[in-house]
1. Quick check on my filter: what residues within the stretch B:617-631 are at pLDDT below 90 and either outside any helix (DSSP H, G or I) or at the interface with chain A (Cβ under 7 Å from one of its Cβ atoms) (or both)?
2. How do the helices (runs of 4 or more DSSP H) wholly within the stretch B:224-309 filter down when requiring 3 or more residues that are under 21 Å from the mean Cα position of the chain (by Cα): which remain?
3. Restricting to the stretch B:480-532, and then to whatever is over 22 Å from the mean Cα position of the chain (by Cα) and in a loop (DSSP other than H, G, I, E, B), can you tell me which residue is modelled with the highest pLDDT?
4. Restricting to the stretch B:404-458, name every residue that is of a type in the set (D, E, K, R) and under 20 Å from B:Gly274 (Cβ atoms).
5. Could you pull out the residue among B:Gly103, B:Gly58, B:Gly112, B:Gly94 that is within 14 Å of chain A (Cβ to nearest Cβ) and farther than 24 Å from B:Met445 by Cβ?
6. Hey, can you tell me all the residues within the stretch B:155-178 that are surrounded by fewer than 19 Cβ atoms within 10 Å (Cβ to Cβ) and over 24 Å from B:Asp651 (Cβ atoms)?
7. Checking B:Ser205 against (1) surrounded by fewer than 22 Cβ atoms within 10 Å (Cβ to Cβ); (2) within 14 Å of another protein chain (Cβ to nearest Cβ); (3) of a type in the set (Gly, Ala, Ser), which test does it fail?
Amino acid sequence: MDLSLESALSAPETGAAPSGTIAGRPVEEWNAAYAKVESYFHALRIRNKTLLGRLVILVLKRAMRRAPQEPQLSATELAAEEMDAVVTEWFGQVLQEAPEAAAHMLSTRGRLALLLADMPGKWQEQFLHPPPWPEEFIKAMREAYLRAGPDFQLAKMAPRPLDLGPIATLTNLSTLPFRKMIFVWLTLALLFVALFIITHNLGDFERVLNEFAIWVRNLFH
Amino acid sequence: MPAAAPELSSDAGQDPHLRKYVDRPIRRWLRLFVFFSLALVLTSAVSMLFADLLWRSGWTSSSTVLLILFVILFGLISIGCMHGIFGFVLRTFGDPDRITRLGDFRAKSIKGVSTAIIFPTYNEGVARVMEGLRATYVSLERTGEIERFDFFILSDSTDPAKWVEEEQRWCEIVRELDALGRIYYRRRVSNEGKKSGNVRDFLSSWGRRYRYFIVFDADSVMRGETIVDLVKLMEAHPQVGLIQTVPALVNAESLFGRIQQFANRLYAPVFIAGLNFWAQGFGNYWGHNAIIRTDPFMQYCDLPHLPGRKPFGGQILSHDFVEAALLVKENWQVWFAYDLEGSYEEIPQDLISNAQRDRRWCQGNLQHSLVLFGRGLAGISRIHFLMGIFGYLASPLWLLFLLTFNWALWTFKRSNLSIITVTALNPFIKLSGTAHALLIFAICMCVLFVPKILALIDLAFDRERRLGFGGVQRATLGAVLETGFSSLHAPLQMLWHSKFVATILLGMGVHWSAQKRTADGIAWSEAFRQHWVHTVIALVWGVAIWKLDHPTFWWFLPVLAGMLLSIPLSVLTSRTSLGSRARNLGLFLTPEETLPPSELDTLRVRMALQEKSRASQLPDASIAEAVLDPYVNAIHVSLLREKQLNPEYRDALIKLGVGRPEVRQLGEKLLGQGPEALSTAEKVLILSDADVVPWLHRQAWVRPSKSLADWWQTAIGKYAR
């Protein structure tokens with residue numbers, strides 16, 4: 001928005017101020033506040049530049065009115081708070097809800113309504129506009145509801161036991177640590193025996209067995 | 001009350017054609033007997049030839065191992081060959097015994113029938129899921145039957161970025177299609193039970209509202225008419241519990257993807273017709289692009305955990321096969337609607353992604369060995385399990401076959417004996433030893449290639465399909481090149497699958513780090529990292545065989561070549577530029593490329609636009625959007641509030657820690673230090689709290705800049721002009 005900030009804000013209520021300051025804050029601070037508020041309205045997809053400028057000024061003027069009473073707050077903080085308040089109040093009016101009660105609920109509902117009513121596409125000029133609003137706009141805003149799922153029709157699914165047959169015996173074995181260990185050792189031993197038989201002639205196998213028997217016999221003599 | 005399969009004889013409105021599959025089991029067993037007997041006869045005959053060859057060169061203990069492995073491996077390829085032959089015959093002479101021919105289902109009305117179309121998703125590409133949904137929705141809208149369907153995006157995403165993007169895009173699509181109250185979104189608080197748990201959760205919440213549900217994958221698309229046909233088929237055949245379509249692979253861009261897509265489109269119709277011959281109403285479920293009767297599914301298909309520990313115990317990973325088997329066990333029929341066109345899915349675009357997917361499937365399929373002997377299951381369901389198991393077990397068996405052969409050769413060479421071939425045991429074999437070996441090799445090649453040749457002949461007789469493939473000549477050239485690629489790819493798959501089987505049996509995981517990709521495909525460095533072992537194996541193995549016996553080396557060369565060339569093969573086939581060059585040359589064309597259906601055309605255009613508009617994003621951009629963007633924040637909070645209406649979700653949120661003061665403290669940390677100071681679980685916790693998220697929105701916009709982390713300044717800066 002290419003408006004001169006000082007001229008735009010030279011409303012009588014801001015009062016006389018030393019050069020380079022507005023409402024007791026340096027102009028740079030108000031520029032930063034301007035940017036922040038403008039960013040938020042951008043985030044709300046306000047693309048109409050004239051409207052955008054007007055809305056930002058509206059918020060800044062409210063912030064400036066508060067500025068003298070709250071010197072501990074920066075212009076940006078004041079503007080951001082006013083921006084939040086202006087938008088929430090307006091949501092309260094449009095949606096006919098009291099802004100004081102759970103403000104974050106109202107704010108969420110309002111923003112969602114803006115989106116679902118397609119404010120950025122169809123109703124930009126109505127945003128933050130005082131009443132009366134077009135009936136169609138009010139209807140679209142008030143009836144906006146994001147339905148993520150149909151009504152629940154809760155049911156309980158229960159897994160049926162699966163009789164695994166002979167495999168169940170094997171899996172039961174695995175739950176017994178000692179048996180499992182013995183089973184693994186036996187399997188390994190059998191595997192080695194099988195490997196040996198496969199990779200040697202039966203004659204060799206007999207020879208090895210004989211040698212082993214002799215070795216065992218010698219061991220005890 | 002359990003959902004019992006309807007008594008056919010008591011329902012006058014039943015299609016009499018279907019009765020024979022229940023009332024006449026002899027006919028079913030005859031089909032099975034004929035099909036598998038022929039495979040068995042072929043296997044036996046060739047195995048005898050092989051045994052004779054082993055006999056001629058002197059029987060050793062390794063000959064026994066080789067023969068056993070040969071029988072198993074040849075048995076598997078002969079079953080594949082039989083699928084091709086039976087499928088070809090059925091397609092040529094007409095197959096009356098398919099679900100779409102068992103009565104005039106198209107005359108059925110689906111008025112008053114409610115069907116849910118569900119998209120279970122888990123950290124998937126959100127844009128692709130939503131655009132697939134959009135294409136399906138728009139197509140269904142054109143049929144005039146959209147009122148009978150509800151769409152559900154069932155998210156299990158644990159990545160906060162995906163979660164927020166899903167909500168955002170869901171809201172966009174609902175608004176754009178004016179589909180509020182028709183397209184729904186639900187994210188589970190915890191993804192217990194993975195995909196089957198996700199579906200179960202949907203059924204527990206809304207299943208009773210719908211007579212049928214159609215399961216989509218994240219990359220599925222279906223034509224509206226096909227969906228309506230599926231519902232009509234279910235209406236026409238009340239004893240059918242599930243109908244599985246055969247999704248066509250589409251939208252591949254890389255060379256690898258296009259080759260796989262081409263092979264699928266060319267060979268699958270013949271193979272599945274063969275599969276349907278013996279499966280009939282005892283078919284299988286592949287997890288998506290299928291319609292399911294809700295009631296019996298809810299009744300019988302909530303899967304128990306298997307006893308024992310991982311990898312076999314615990315949750316059933318490949319739940320689809322088991323669910324089909326359980327339906328069949330309870331006398332519900334499961335069919336393949338293999339001739340219903342308009343069902344699509346996508347495939348991995350490179351060798352490495354393909355292997356990653358195989359790793360997941362491998363564990364699930366091996367786990368079926370526990371269920372294989374489950375009491376009460378139909379014999380045909382066990383065959384489905386067995387085929388799935390051997391789909392992966394065949395690789396280590398093949399590797400063992402090759403190694404045993406090498407071992408036998410080494411033992412023989414070490415003995416310094418010379419080989420003296422004796423005459424064959426069978427007096428009719430009057431061949432030299434070499435000619436005998438060549439004969440077996442030729443038969444093996446025939447068994448492998450006959451289905452491919454039959455698929456080409458089938459194509460030549462079908463004018464419409466022929467045009468879709470760019471003509472018979474191009475299709476033939478494509479099939480030859482595809483066969484060449486497959487012979488290089490097969491040894492790699494052998495190594496990969498063997499590793500998967502071994503690691504799964506040992507209870508070990510396989511670590512896949514994020515892929516390094518270029519705009520055109522896999523990066524060379526990534527290919528080197530994934531394939532250097534394969535190359536080394538090929539080199540060592542090749543040198544060893546060369547030293548052992550030169551002629552044997554040449555026999556092994558095709559196996560070694562795939563491993564040796566794995567790095568360039570992986571990189572080059574992942575290239576989209578080569579994929580499009582092949583397309584320009586008319587190679588590997590598929591009907592969906594030549595004459596794209598409107599659903600896929602729209603999908604492709606929209607996805608291309610999304611790619612272009614993808615801007616460089618702030619790290620943790622999703623957090624920025626969920627907190628700062630007034631609309632994204634409002635959608636997110638509103639969905640969180642709605643979630644609390646479900647008592648189960650409410651309990652899960654409480655269990656997660658939502659509502660505790662610590663969440664607000666984490667929110668302060670997020671504001672003060674930025675998202676990099678939080679873990680993913682902490683981010684998820686914050687985003688799950690319906691009070692903290694709107695509070696963060698206000699704080700991030702209202703607080704002075706100095707009390708916010710720099711990251712927020714950058715994020716807010718994105719909204720400035």
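1. Within the stretch B:617-631, B:Gln617, B:Leu618, B:Pro619, B:Asp620 meet the criteria.
2. Qualifying helices (runs of 4 or more DSSP H): B:224-236, B:255-279.
3. Once the filter is applied, the top-ranked residue is B:Ala523.
4. Residues satisfying the conditions are B:Lys452, B:Asp458.
5. After ruling out the rest, the residue left standing is B:Gly58.
6. B:Glu172, B:Arg175, B:Glu176, B:Leu177, B:Asp178
7. The one condition B:Ser205 does not meet is (1).
Conditions tested, residue by residue: (1) modelled with pLDDT under 95; (2) surrounded by fewer than 19 Cβ atoms within 10 Å (Cβ to Cβ).
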position	(1), (2)
B:Phe385	no, no
B:Arg414	yes, yes
B:Ser418	yes, yes
B:Ile429	yes, yes
B:Ser432	yes, yes
B:His436	yes, no
B:Gln473	no, yes
B:Leu477	no, yes
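The values are calculated or read from the model by the stated rules, or taken from the named source; none is laboratory data. These numbers were taken from a predicted model, which means no experiment stands behind them. Quick reminder, even Gly has a Cβ in these numbers, built from the backbone with ideal geometry, and neighbours come from all protein chains shown.
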